[in-house]
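Worksheet: the structure to be examined is printed underneath.
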Amino acid sequence: PRCTDAVADVRVMAVQCVEALLFADHVLRHPPAEPADDAAWARPATLAPLSKIRKQVADGDAQQQYTVVRALAKDVLAVRDVLNEKQLVAMLVALLLGLTDAVPTSAAGSCVVLVACISARGAELLPRVKQLTDGLLDTMPNITDEQTLKGALHALRTLATHHLLPVVNQLLDKPMPHSLHVVRGLQEIVRDRKLAVPLVMHLTDVMNNGQLYEEVPVGSLGSHADDGKDGGGGDGDGGGGGGGGGSSKKDKKSAAKADKKAADKAAAAAVAQASMSAAGLGSGPPPGYHRVAVPLTMSATAALAEVMQTRECSVLVAPADAPAEYDGMG
């Protein structure tokens, strides 16, 4: 974040710190055979761009600063010989904190570096899709600058260009109804024309082929009607009796609350069962079972409605000579 700080001296010092840190890491990974050999301590070619970047970062123009830090990310930080996969992930996770920096230019600069690094080396990040997707979603509510928030959404879309289905499935796994930032994330992904068709097809595939409901035992709906029958000795002698009575009241209140929740679930399941029967989905469940909707299918249905609200997706029409993978998109 400090590489795009509002103060020029701070920006220069920040780049110097990055340069010193990366050089120290290089020396530790490639120690010179002869410590007395000055040539062995020369700066490697991978860090050569930092000299120019250090001079350019002093420029007072904000757009120039973003261009400079983009070069820092692309030409230095995203180079495999500079940061290995483990170091790259650690830096990306740390950059998520930078998105909430109090200085708007610093927050935006963190976003520029984040997007550039994911763009350059996103193919390596499949094992970290969950961590990065959740990290971005958790950070977005704390971002106060709208431009930085758009940049964070762009970072999510950039990650999706490398790993579309893992990112989308991670979004679908979020609780219903979808939060504002999950909705905006899905809509941001569909705005990429290369991702729009695969995304819509994946959502329709989940709806068409996914399990609509599952049959669960009535007892698993959370009824605790029998809880609290032994109230803890409400009729006990002495002080213990008073305590038992209080516990009994609390248990009965909890049991009543659980019973109401179970009744609501049972009512919802009955409505779902009636709807499914009306839709020709077969007879009702076996005795002692209820049908409940599968969250993933519900989430995919909601997601499809959410992405269809975008202009880019609303005009998505299969051409006359569309390949076979367009089948069923209607």
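Taken over the range 74-95, the criterion of being more than 22 Å from residue 16 (Cβ to Cβ), touching a residue at least 24 places away in the same chain (Cβ under 8 Å) and either among the acidic types (Asp, Glu) or open to solvent by 20 Å² or more (accessible area, probe 1.4 Å) (or both) is satisfied by 80, 85, 93.
Within the range 39-97, the set of residues being within 30 Å of residue 138 (Cβ to Cβ) and among the aromatic types (Phe, Trp, Tyr) comprises just one member, 66.
Listed by position, the helices (runs of 4 or more DSSP H) enclosed by the range 102-193 that each have at least 1 residues that are touching a residue at least 60 places away in the same chain (Cβ under 8 Å) are 104-121, 164-172, 180-190. Residues in the range 159-198 that are buried (at least 19 other Cβ atoms within 10 Å of the Cβ) and within 19 Å of residue 92 (Cβ to Cβ): 159, 160, 163, 167, 170, 171, 181, 185, 188, 189.
When every residue of the range 125-138 is checked against the conditions, at least one turns out to be aliphatic (A, V, I, L, M) and open to solvent by 70 Å² or more (accessible area, probe 1.4 Å).
Would you please name the residue that is surrounded by the most Cβ atoms within 10 Å (Cβ to Cβ), looking only at residues in the range 106-124 that are within 18 Å of residue 181 (Cβ to Cβ) and touching a Leu at 6+ places or on another chain (Cβ under 8 Å)? Going through the qualifying residues, I end up with 111.
The values are calculated or read from the model by the stated rules, or taken from the named source; none is laboratory data. Just so we're clear, the structure is a prediction, and the values are computed from it rather than from any experiment. No Cβ is skipped: glycine too gets one built from the backbone with ideal geometry, and neighbour counts run over all protein chains shown. For the accessible areas, the whole protein counts, side chains as well, though only heavy atoms, and no ligand, DNA or RNA atoms are used. Shrake-Rupley method; radii C 1.70, N 1.55, O 1.52, S 1.80 Å.
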